Amino acid sequence: MSLKGKTAVVTGSNSGIGLGVARSLAGAGASVVLNSFTQRDEDHALAKAMAAEFGVDVRYIRADMSKAAECRALIEQAGACDILVNNAGISMRAMFADCDTKVLKQLMDINFWGAVYCTKH
């Protein structure tokens, strides 16, 4: 299947599953927007290397998925979003009963609200 002419925004995509999904989409011809909450030279270098490897436009845009305004800015800066992969997420490394509300709020803000904010915009 060719995705040429389509733009894919993949949240949480500078490593792991998100990066694998982004690579598959680029391999199918989609322009790809990589994302995470960091702003490192390596993030931009990864986008540049993927663009060279697959011959498609690949950009990196930093956005914190727990912040509605940054999710909106991500989608707006992407310019188009034909495919949205809400991959960004964090996990708890403790039993639920042992987690304080601050940890649970962060988990919900990123894993749930980030997906809601990106999809809305």
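The values are calculated or read from the model by the stated rules, or taken from the named source; none is laboratory data. Keep in mind it's a predicted model, so treat the numbers as computed, not measured. Neighbour counts are summed over all protein chains in view; Cβ atoms, including those assigned to glycine, are modelled from backbone coordinates with ideal geometry. Side chains included, ligands, DNA and RNA excluded: accessible areas come from the protein's heavy atoms. Shrake-Rupley method; radii C 1.70, N 1.55, O 1.52, S 1.80 Å.
In terms of its alpha-carbon gyration tensor, the chain comes out prolate; a/c meets the 1.5 threshold, and the first ratio a/b outweighs b/c.
Each Lys and Arg Cβ is given +1 and each Asp and Glu Cβ -1; about its Cα centre, the stretch 39-87 then shows a dipole of about 120 debye. Hey, what angle do you get for helix 68-78 against the long axis of the chain, alpha-carbon based, 0 to 90 degrees rounded to 10? Between helix and principal axis, roughly 10 degrees.
Straightening the chain between Glu76 and Leu107 buys 8.7 nm, computed as 0.36 nm per residue apart minus the Cα-Cα spacing.
Remark: for residue pairs Lys67/Lys102; Lys48/Lys105; Lys4/Lys48, the C-alpha separation exceeds 27 Å in Lys48/Lys105. Helix 16-27 axis versus longest C-alpha principal axis of the chain: approximately 20°, rounded to the nearest ten. Sparsely packed loop sites in the stretch 1-60 (the trypsin sites (Lys or Arg not before Pro) outside DSSP H, G, I, E and B with at most 11 other Cβ atoms within 10 Å) comprise Lys4. Mind checking which of Ala22, Ala47, Ala97 has the largest fluctuation in a GNM of the chain, springs on alpha carbons under 10 Å? Of the options given, Ala97 has the highest mean-square fluctuation. Within the listed set Gly18, Gly79, Gly29, the residue fluctuating most in the Gaussian network model of the chain (springs between alpha-carbon atoms under 10 angstrom) is Gly79. Here the chain exposes an accessible surface that is 56 percent carbon and sulfur, computed with a 1.4 Å probe and the other protein chains kept in place.
Around the amide H of Val32, modelled in the peptide plane, lie the amide H atoms of Ala8, Asp57, Val58, Arg59, all under 5 Å away and 5 or more residues distant in sequence or on another chain.
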